[in-house]
Structure formats: structure tokens, C-alpha cells
Amino acid sequence: MASVNANGTTTYTVRVTNSGAGLATAPTLVDPATAGLTKTGITCSPAAGNACVTPPSVAQLQTGFTMPNLAAGAFYEI
């Protein structure tokens, strides 16, 4: 989606995948605020195998959220 109408809503997915051979220890995910958009909620994706159990708060996500360790090939999706 290239744009959102004024007072409209949108949903998007963020997926972080460990494509390396080893364990990713305490990786950080940051999704900063975008001018004109307000995040109102975050949920863990229902994707099978998702490492997200409890989603971060909006404030945590915008300033930097420490994800759980990710094994090789594992992913975290919100």
C-alpha cells in the first residue's frame, strides 16, 4: 500500500528472520513513528513457529524492543 486516507486505517506485518547459521542473541527491533501515522496496537502474528509470544508495546517498538533469542532459521513476526 502506497498511501492511507486521512482518518483511515492500515495493517502491516513486520517479520525478522535469523538467516544466519548461529543463534541471534537479544536482537533488537525498532519501528519508529512515521509522521502523520499513529500506531494503536500490536499483536503477535498467528504464523506457525512464530517466536512472538507477548508483543511489545507501541512505545517499546518505537524506541527499541529486545526480541527473544532467535535460533538459525527462526523468526519473530508482529
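Since every read-out is calculated from the coordinates, none of them should be taken as a lab result. Keep in mind the model is a prediction, meaning the values are calculated, not measured. Here the Cβ is made from the backbone with ideal geometry for all residues, glycine too, and neighbour counts use every protein chain on show.
Here the spin labels are modelled as points 7 Å beyond Cα on the Cα-Cβ line, and at T25 and T54 they lie 2.3 nm apart. If R0 is 22 Å, the Cβ-Cβ spacing of N69 and C44 corresponds to a FRET efficiency of close to 0.85.
I'm a student and want to see the number: the projected area of the Cα convex hull of the chain, averaged over all directions, in nm².
5.7
Ordering 33-39, 50-56, 20-26 by mean Cβ neighbour count within 10 Å, with the highest value first, yields 50-56, 20-26, 33-39.
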